[in-house]
1. Can you tell me which condition V224 does not meet? The list is (1) hydrophobic (A, V, I, L, M, F, W, C); (2) closer than 26 Å to V118 by Cβ; (3) modelled with pLDDT of 95 or more, and all the others hold.
2. So which residues in region 1-22 are surrounded by 14 or more Cβ atoms within 10 Å (Cβ to Cβ) and either of a type in the set (D, E) or farther than 16 Å from S189 by Cβ (or both), if there are any at all?
3. Only one of these is at pLDDT below 95, of a type outside the set (A, V, I, L, M) and either within 14 Å of the chain's Cα centre (by Cα) or on the phi < 0 side of the Ramachandran plot (or both): D192, D244. Name it.
4. Got at least one residue in region 94-116 being of a type in the set (V, I, T), more than 30 Å from M20 (Cβ to Cβ) and buried (at least 16 other Cβ atoms within 10 Å of the Cβ)?
5. Between a residue in region 91-112 that is over 19 Å from P64 (Cα atoms) and any residue that is in a strand (DSSP E or B) and open to solvent by less than 50 Å² (accessible area, probe 1.4 Å), which pairs come within a Cβ distance under 8 Å, given they are 6 or more apart or on different chains?
6. Of the residues in region 194-211, how many are hydrophobic (A, V, I, L, M, F, W, C) and surrounded by fewer than 24 Cβ atoms within 10 Å (Cβ to Cβ)?
7. Within region 213-250, restricting attention to residues that are part of a strand (DSSP E or B), without any contact (Cβ under 8 Å) to a residue 40 or more places away in the chain and open to solvent by less than 30 Å² (accessible area, probe 1.4 Å), which residue is nearest to G152 (Cα to Cα)?
8. Checking the structure you have, find out if any residue of region 80-97 is of a type outside the set (S, T, N, Q), in contact with a Lys or Arg (Cβ under 8 Å, 6 or more places away or on another chain) and under 30 Å from E139 (Cβ atoms).
Amino acid sequence: MNEIYYSEDRIVFNDPGPEMIPLLSAMDPTFKVVSTRPGQRFVPKFQALKGKRFISEEPIFEMPDDFLEAIMNGEGGNEETGQYCHSALEAVNALALRQISECRLCGWACGTNRFLEVGRCGLGAKIRSSSPFIHVAEEAVINPAIVTNLSGCSLRCSYCIRHDMWDPLKFPEPDPSGFWLQVEKLLSSGLDINSLEFANPTESIHGIIGLLSRSPANLHLPVVLNSHMYGSTHFYRIAEHIADAWLPDLRYGNDVCAKKLSGADD
């Protein structure tokens, strides 16, 4: 949990975790962590993609976009022989990595080759993030959630309470092995965790897919993408293959407010 605010005669908790439950219960004896468990047979999209294999004669990064998209959509990849065996999640990952060579993931479509320099979001090819933590006050269908906040952002909203996340250099690049060890530790906290949530995924979708590709085989939590929604069709075309649920921040009904408060067009 990061901060407690007092605003307009209300006490506001930012990202409350399990350590705050005693205080919340003392303030309101009726408080409880409300959640709705996923079905026992639920399989997250990314795990289903990991289980779908296809064979090819060429490395995955040499395959054309339309072939990768066909694999992502469950089409093609029926060769009987070949020297390379891939999963459908690898196809999603390859297409996501290809996007950042001329990045148009967010609404700015800056076209930066993020392998060589940083884009408008402040990110290069490597993603950076906070450590995962447990959030106990999300919507019931995803609560409690293991949340990872991604650094770097294509917006600079004047009211942002996590503006510390704007600067990627303040945060480490997540190591997949270490990341999943942290998640495993959180899963053993005693709370029934309902989801795996990534906040601000738009500019870092390739890195999220990279983390998921290294996940334990027995992890069956829904993946939630908590997005500012200033993404491009390129982003949504990729993200839809791993997002089991969306937590959208729908901010504006007109461009005047968007321009004034977030500096964003369209």
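The values are calculated or read from the model by the stated rules, or taken from the named source; none is laboratory data. Owing to the predicted nature of the structure, the values given are computational and were not obtained by experimental measurement. Positions of Cβ are generated from backbone atoms using ideal geometry, with glycine treated the same way; all protein chains shown enter the neighbour counts. The area values use the complete protein model at the heavy-atom level, side chains included, leaving out ligands, DNA and RNA. Shrake-Rupley method; radii C 1.70, N 1.55, O 1.52, S 1.80 Å.
1. (2)
2. Correct list: N2, F13, D15.
3. Being at pLDDT below 95, of a type outside the set (A, V, I, L, M) and either within 14 Å of the chain's Cα centre (by Cα) or on the phi < 0 side of the Ramachandran plot (or both) holds for just one of D192, D244, which is D192.
4. Yes.
5. Once the first residue is over 19 Å from P64 (Cα atoms) and sits in region 91-112, its partners that are in a strand (DSSP E or B) and open to solvent by less than 50 Å² (accessible area, probe 1.4 Å) give C106/G231; G107/G231.
6. Within region 194-211, residues that are hydrophobic (A, V, I, L, M, F, W, C) and surrounded by fewer than 24 Cβ atoms within 10 Å (Cβ to Cβ) number 2.
7. Only one residue fits best here, namely S227.
8. Yes, region 80-97 contains at least one residue that is of a type outside the set (S, T, N, Q), in contact with a Lys or Arg (Cβ under 8 Å, 6 or more places away or on another chain) and under 30 Å from E139 (Cβ atoms).
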